[in-house]
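First up is the structure itself, then whatever we jot down about it.
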Amino acid sequence: MRKTRLKDLREDKELLQKDIAEMLNMKQQQYSRYETDENEITVTLLKKLANFYGTSTDYILRLTNEKKPYPKT
């Protein structure tokens with residue numbers, strides 16, 4: 001199984017799944033399913049994670065390799 005960008009971003013910050021799950025107010029097991037692509041991520045959750053990691057939603061979704069977020073309009 002291919003490593004997801006969510007896992008890469010989390011590990012870059014040296015955080016555990018439980019740390020991110022707590023921030024998102026969910027159980028670690030639920031968050032784990034997003035990292036392993038078992039559950040489809042919601043737009044709301046995707047935006048929260050992009051803001052938290054300082055990247056774009058497209059980067060998380062592997063639509064771009066540019067980690068930098070888009071300029072705010």
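The values are calculated or read from the model by the stated rules, or taken from the named source; none is laboratory data. Since this is a predicted model, take the numbers as computed values, not measurements. For neighbour counting, all protein chains shown are included, and Cβ atoms are generated from backbone atoms with ideal geometry for every residue, glycine included. To get the accessible areas, we keep the full protein, side chains included, count just its heavy atoms, and leave off ligands, DNA and RNA. Shrake-Rupley method; radii C 1.70, N 1.55, O 1.52, S 1.80 Å.
Given the structure, is Glu22 open to solvent by 40 Å² or more (accessible area, probe 1.4 Å), free of Cβ contacts under 8 Å to residues at least 12 places away in the same chain and not in a helix (DSSP H, G or I)? Against the criterion (open to solvent by 40 Å² or more (accessible area, probe 1.4 Å), free of Cβ contacts under 8 Å to residues at least 12 places away in the same chain and not in a helix (DSSP H, G or I)), Glu22 does not qualify. Residue-level check: of (1) of a type in the set (Val, Ile, Thr); (2) under 12 Å from the mean Cα position of the chain (by Cα); (3) modelled with pLDDT under 95, Thr44 misses just (3).
The residues of the stretch 56-73 that are part of a loop (DSSP other than H, G, I, E, B), closer than 20 Å to Ala21 by Cα and in contact with a helix residue (DSSP H, G or I) (Cβ under 7 Å, 6 or more places away or on another chain) amount to a single one, Ser56.
Can you pull out the residues in the stretch 1-19 that are over 19 Å from Asn65 (Cα atoms) and in a helix (DSSP H, G or I)? Those that are over 19 Å from Asn65 (Cα atoms) and in a helix (DSSP H, G or I): Gln17, Lys18, Asp19.
Scan the stretch 25-41 for residues that are more than 16 Å from Leu63 (Cα to Cα) and either open to solvent by 40 Å² or more (accessible area, probe 1.4 Å) or not in a helix (DSSP H, G or I) (or both) and the total you get is 10.
The lone criterion from (1) open to solvent by less than 40 Å² (accessible area, probe 1.4 Å); (2) free of Cβ contacts under 8 Å to residues at least 12 places away in the same chain; (3) of a type outside the set (Asp, Glu) left unmet by Leu46 is number (2). Could you say whether any residue in the stretch 58-66 is modelled with pLDDT of 95 or more, among the aliphatic types (A, V, I, L, M), on the phi < 0 side of the Ramachandran plot and open to solvent by 100 Å² or more (accessible area, probe 1.4 Å)? For the stretch 58-66, residues modelled with pLDDT of 95 or more, among the aliphatic types (A, V, I, L, M), on the phi < 0 side of the Ramachandran plot and open to solvent by 100 Å² or more (accessible area, probe 1.4 Å): absent.
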